[in-house]
Amino acid sequence: MNKLIPQKRWQQLLLGAAVLLIGFLGLHFSAKLFLEPARPTALNAMLQQMRNHSGAWTRTEGDVSILILDMQKNSVAGMAIAPSGIFVSAKDGRKYFVADYHGKFSELALALYHKGQTDAFPLAVLAKDPADAFWRPDAGTILTILFLAAFVVYGFRVRGGGFKFSKKDTLVTFDDVIGVHEAKAALGDIMAYLKDPKGFTELGARPPKGVLLSGPPGTGKTQLAKALAGECKVNFIPATGGDFSAMFLGVGAMRVKSLFRKARKNAPCIIFIDEVDGIGRRTTTENGGPSEAEGNRIINQILAEIDGFDTSSGVIVIGATNFPDAVDPALLREGRFDRKIYIKLPDVTDREALFQLYAKKLQTHGDLDFNQLARLTTGLTPAAIAYVVNHAALISARGQEKHIPMANFLEAIEVCRMGEVNGSATALTEAERERIAVHEAGHAIVAQVLGVGRVEKVTILPRGGALGVTLVTQKEDKQLHLKSELENRIQMLLGGRTAEILTYADASSGAASDLKEASKIALTMVANLGLGDQGTLFNLEALAALNVPPDTSKAVAEAEALLATQNAHCFALLRDYDAALKELTGKLLERETIDGIEVVQAVADVRMRLEVAGGDRRSANSAMRVTNQTQLPQDIPCVSGACADALQDSLSATQQPA
Ligand code: ZN
């Protein structure tokens with residue numbers, strides 16, 4: 001958040017150096033002026049001038065012969081002998097300098113003067129060279145001054161300067177933040193408090209002090225905090241957890257103090273600490289290192305500041321974190337960051353609104369199907385959607401188009417999800433192309449038959465690291481996954497390999513990432529979710545929590561059995577849909593990319609034929625699978641958490657790697 005500091009650092013350093021330099025020169029000259037008042041004699045005037053502008057002499061270096069000649073001709077107006085040479089002013093206005101490091105020439109000049117071979121003229125012997133009155137810094141001095149300046153500026157900075165605050169009238173409002181309705185609602189009483197801190201306390205209500213926003217990165221936590229400030233018309237001071245850690249002990253706590261002082265001065269005010277987990281956790285080890293001690297001190301200072309709030313001060317601290325578990329528990333206790341708000345990923349409606357918002361600023365072309373865009377971007381954060389929209393504009397710019405059509409948005413989503421189209425297609429043989437077509441058609445058919453999601457597109461154009469892609473999206477965002485759904489997903493992942501074996505009676509290496517993904521799901525089901533076929537409820541993560549070395553062999557064996565069962569189902573299914581497989585493979589070879597609707601059609605045709613032929617033609621397994629997608633048994637346990645993470649990747653796109 002607080003990126004202002006590093007950007008300004010060089011400016012601050014230069015400013016510091018300039019201030020020091022000017023101060024140094026100013027002191028120097030004023031000392032010359034005030035400590036040595038000039039006496040108005042001819043010699044003194046000359047010496048004074050020599051000290052301040054010795055360049056008039058040193059610019060012209062004279063020869064000793066000229067000096068002797070000038071003396072003999074009585075044309076010397078004044079002379080000063082300095083350690084490094086002789087400064088001569090001639091009566092005709094010439095000024096020159098005769099270098100004399102060994103004093104021989106000055107001896108000679110003094111001898112001539114002494115012998116009376118010339119008329120008397122003002123003569124002075126200087127203890128040091130006048131040139132040093134005209135201060136010329138050498139590299140060492142400059143470095144020293146810069147170092148001192150840097151040190152001073154850094155000192156000021158580490159002592160707690162640098163927290164910039166945004167004035168209340170420069171901020172966004174809730175209307176600018178799409179979605180996060182629950183979060184906005186949860187901030188209701190905070191808004192009431194910030195708008196009228198006194199009224200709130202007069203009611204006898206204990207005002208909130210801190211709010212912790214948590215959620216995946218890119219979900220707009222900072223934006224929400226800013227919008228809260230804008231909505232309540234209060235000032236906003238952003239900081240990050242890392243701002244408090246410093247090179248010197250005790251400085252972090254000082255920065256905390258300075259931050260809160262600034263907030264109180266600018267109340268009503270919101271302090272926003274991004275990455276609040278970056279402050280660290282307090283440790284209890286007695287012989288912890290100095291960094292641990294510093295971390296403890298920073299957190300203690302924050303706790304003291306929050307606890308010490310005057311209830312009517314109108315200051316609220318908002319922390320944001322992607323890892324709420326890493327935040328020190330003391331910070332989360334009542335009276336501190338006691339309001340916890342989870343910021344969810346935007347749902348399909350929010351994503352539609354986000355696309356509309358971002359696209360408004362662009363020159364789009366024709367009607368954009370925002371609903372389709374939203375559907376294709378399950379799991380993307382607002383930041384990622386902004387990236388997609390911008391990338392669509394870039395594609396138009398690349399093609400020197402004047403407007404951005406829908407196709408570019410779709411292309412941008414695919415780039416975001418699967419990587420750029422790459423040119424390795426030429427390296428594929430015809431046999432390989434055919435095999436990839438069969439493989440992708442297999443994925444698409446299983447996905448469609450089992451209702452894993454909406455098949456949007458199947459392509460055998462290599463993208464990112466994949467040789468072909470079947471893009472399957474979810475109709476809605478899922479928080480829970482059923483056992484049957486996970487099994488269907490495993491079958492979809494196995495579908496590519498199964499189709500290859502059914503067509504060529506031989507498997508290929510192309511299914512490696514499919515198998516990896518399927519194995520991950522199977523193992524998660526068995527080891528963490530209690531969703532294995534053998535009814536094991538044991539969660540292996542419990543062992544790690546208790547520091548017991550986990551024995552995974554049994555879980556792996558069970559996951560293998562689960563995969564084998566699903567593989568058998570998948571074979572049965574694709575055997576039934578052999579006609580669709582052949583049809584889609586042909587279309588893929590012909591056109592390289594086919595639309596999801598063609599998959600739907602091909603599957604529907606075969607399904608109708610199967611139904612007409614009657615139940616006896618269908619294998620028992622595939623019949624069961626087909627019913628599964630429409631009627632999910634209600635007593636199947638729900639899953640969430642770890643599994644949702646593990647599934648995220650395989651959820652929307654299945655890829656066949658090189
Ligand atoms: Zn595959």
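Some points to look at:
- Each Lys and Arg contributes +1 and each Asp and Glu -1, all at the Cβ; summed about the Cα centre of segment 164-342, the dipole is approximately 560 debye.
- Kirkwood hydrodynamic radius over Cα pairs of segment 37-125, then Stokes diffusion coefficient at 37 °C and 0.692 mPa s, in µm²/s: 254 µm²/s
- Comparing Pro122, Asn74, Val64 along the charge dipole axis of segment 37-125, the residue lying farthest to the positive side is Pro122, per the Cβ-charge model.
- Peptides 142-153, 261-272 ranked from most to least packed, by the mean per-residue count of other Cβ atoms within 10 Å: 261-272, 142-153.
- Förster-model FRET efficiency, 30 Å R0, Asp189 and Ser258, C-beta, rounded to 0.05: 0.55
- Largest accessible area first, the listed residues Glu61, Glu558 line up as Glu61, Glu558 when surface is computed with a 1.4 Å probe on the assembled protein chains.
- Fraction of accessible area attributable to carbon and sulfur, segment 164-342 (%, probe 1.4 Å): 51 percent
- Relative contact order (%) - criterion: Cα under 8 Å, at least six apart; region: segment 37-125: 30 percent
- Segment 179-282 - percent relative contact order, Cα under 8 Å, separation 6 or more: 27 percent
- Surface per residue (accessible, 1.4 Å probe) for segment 37-125, Å²: 55 Å²
- Alpha-carbon Debye profile of segment 348-418, log10 I(q)/I(0) at 0.14, 0.23 Å⁻¹: -0.34, -0.96
- With a Förster radius of 35 Å applied to the C-beta separation of Gln363 and Asp175, the computed FRET efficiency comes to 0.90.
- Computed extension gain for Ala557 through Lys104, at 0.36 nm per residue and net of the alpha carbon distance, reaches 152.9 nm.
- Pairwise centroid distance, computed over Cα atoms, of segment 188-261 with segment 529-576, Å: 46 Å
- Unsatisfied cross-links (Cα-Cα over 21 Å) in the set Lys478/Lys554; Lys520/Lys554; Lys91/Lys128; Lys184/Lys265; Lys198/Lys221; Lys184/Lys209: Lys478/Lys554; Lys91/Lys128; Lys184/Lys265; Lys198/Lys221
- Whole-percent carbon and sulfur share, accessible surface of segment 348-418, 1.4 Å: 52 percent
- Contour minus Cα-Cα distance for Thr144 and Ala431 (0.36 nm per residue): 96.1 nm
- Solvent-accessible heavy-atom area per residue, rounded to whole Å², over segment 444-543 at 1.4 Å: 34 Å²
- Calculated FRET efficiency for the pair Val125/Lys198, C-beta based, R₀ 60 Å, to 0.05: 0.15
- Rolling a 1.4 angstrom probe over the protein heavy atoms with all chains in place gives segment 348-418 an accessible area of 47 Å² per residue.
- Peptides 180-192, 342-354, 489-501 ordered by average Cβ neighbours within 10 Å, highest first: 489-501, 342-354, 180-192
The values are calculated or read from the model by the stated rules, or taken from the named source; none is laboratory data. The shown structure was predicted, so the numbers you read here are calculated from the model rather than taken from an experiment. Please note: Cβ atoms are built from the backbone with ideal geometry, for glycine as well, and neighbour counts cover all protein chains shown. With ligands, DNA and RNA removed, areas are computed over all heavy atoms of the protein, side chains included. Shrake-Rupley method; radii C 1.70, N 1.55, O 1.52, S 1.80 Å.
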